[in-house]
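Structure record follows, encoded as structure tokens.
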Amino acid sequence: MRINEIITESLDEETVDEWSDTDEGIVKALKKKGYKYLGSGVDQTAFIEPGTGFVLKIFGTQGKKGFSRDHKMFFVWADFCSKHQDNPYLPRIYAHESFFWQDPETKKQHRYLMIRTEQLYKSGRIGGTLDDLARGFGYHDFKYALERYRNVAGKNEQQQLLKLLGKQGFERLTKTIHELTQIARKKGWGLDLHGGNFMLRKNGTPVINDPWVVSN
């Protein structure tokens, strides 16, 4: 079944009148099909897909029929991940596409994104350490940023990262963060690599998640 058919075949079913960025009718339709609700963020709602264990994210509409600025930012992120599939610090995005959902009150249609990704887990204390690492880079030259981090961060923190990543892994992650800061600067976006946007795989590998935010 195509990813958008999961939703569209349920469009004629009764929806409830509770609304958020992701319409509650969409949540209800997915739950009926066995999707396990994980939770909602500012603009996304996440489920575990039955049978695959993938995470299915519904990217909220913000009341627009066309693609929002956040949607377009996601397309850049998905393209970046696709071009760097050998990078262990980037998430695996398996599929994404859009669908329309009609507001039962206004009868207007709004566009949503459906995104299939691997399942990741909260980073806990290591997220704070990675937050410090990302903050050190900003928009500076890579060598300057790396030297600044080494001067500012405590020895224990640096040793913790080197133990987790190894020397080559540390260099790969820092170069990835630097590249993402350059994209943010070029696009006029903010860098959003706080601790909560670093996730972990089951094997403990840190993964960058949602690195940017649209600036006002």
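The values are calculated or read from the model by the stated rules, or taken from the named source; none is laboratory data. All values derive from a computational prediction rather than experimental measurement. Note that we place each Cβ from the backbone using ideal geometry, even for glycine, and neighbour counts take in every protein chain shown.
Close contacts from region 130-151, counting a first residue that is exposed (fewer than 13 other Cβ atoms within 10 Å of the Cβ) and a second that is modelled with pLDDT of 75 or more and among the basic types (K, R), with Cβ to Cβ under 7 Å and a gap of 6+ residues or different chains, come to Y139/R185.
For region 89-126, enumerate the residues that are of a type in the set (A, V, I, L, M) and out of contact with any strand residue (DSSP E or B) (no Cβ under 8 Å at 6 or more places or on another chain).
Once the filter is applied, which keeps residues that are of a type in the set (A, V, I, L, M) and out of contact with any strand residue (DSSP E or B) (no Cβ under 8 Å at 6 or more places or on another chain), region 89-126 yields nothing.
When region 100-144 is examined, which residues are found to be aromatic (F, W, Y) and either in a helix (DSSP H, G or I) or touching a Ser or Thr at 6+ places or on another chain (Cβ under 6 Å) (or both)?
Start the filter on region 100-144 by keeping residues that are aromatic (F, W, Y), which leaves 100-101, 112, 121, 137, 139, 142, 144.
Result: Y112, F137, Y139, F142, Y144.
Criterion first (in a strand (DSSP E or B) and either surrounded by 15 or more Cβ atoms within 10 Å (Cβ to Cβ) or modelled with pLDDT of 80 or more (or both)) does A29 satisfy it? So A29 does not fit the description; no. Exactly one residue among Q85, Q109 is touching a Phe, Trp or Tyr at 6+ places or on another chain (Cβ under 7 Å), surrounded by fewer than 17 Cβ atoms within 10 Å (Cβ to Cβ) and among the polar types (S, T, N, Q), and that residue is Q109.
Yes/no matrix, rows are residues, columns are (1) in the same structural domain as N203 (by TED's automatic domain parsing); (2) more than 17 Å from T176 (Cα to Cα); (3) touching a helix residue (DSSP H, G or I) at 6+ places or on another chain (Cβ under 6 Å):
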{"position": "F100", "(1), (2), (3)": "no, yes, no"}
{"position": "T106", "(1), (2), (3)": "no, yes, no"}
{"position": "F142", "(1), (2), (3)": "yes, no, yes"}
{"position": "N151", "(1), (2), (3)": "yes, yes, no"}
{"position": "K155", "(1), (2), (3)": "yes, yes, no"}
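Within region 52-86, the only residue that satisfies the criterion of being at pLDDT 95 or above, of a type in the set (S, T, N, Q) and either out of contact with any strand residue (DSSP E or B) (no Cβ under 9 Å at 6 or more places or on another chain) or within 22 Å of G188 (Cβ to Cβ) (or both) is Q85. Quick one: in region 158-216, which of the residues that are in a helix (DSSP H, G or I) and among the small types (G, A, S) is surrounded by the most Cβ atoms within 10 Å (Cβ to Cβ)? Per the criteria, the residue is A184.
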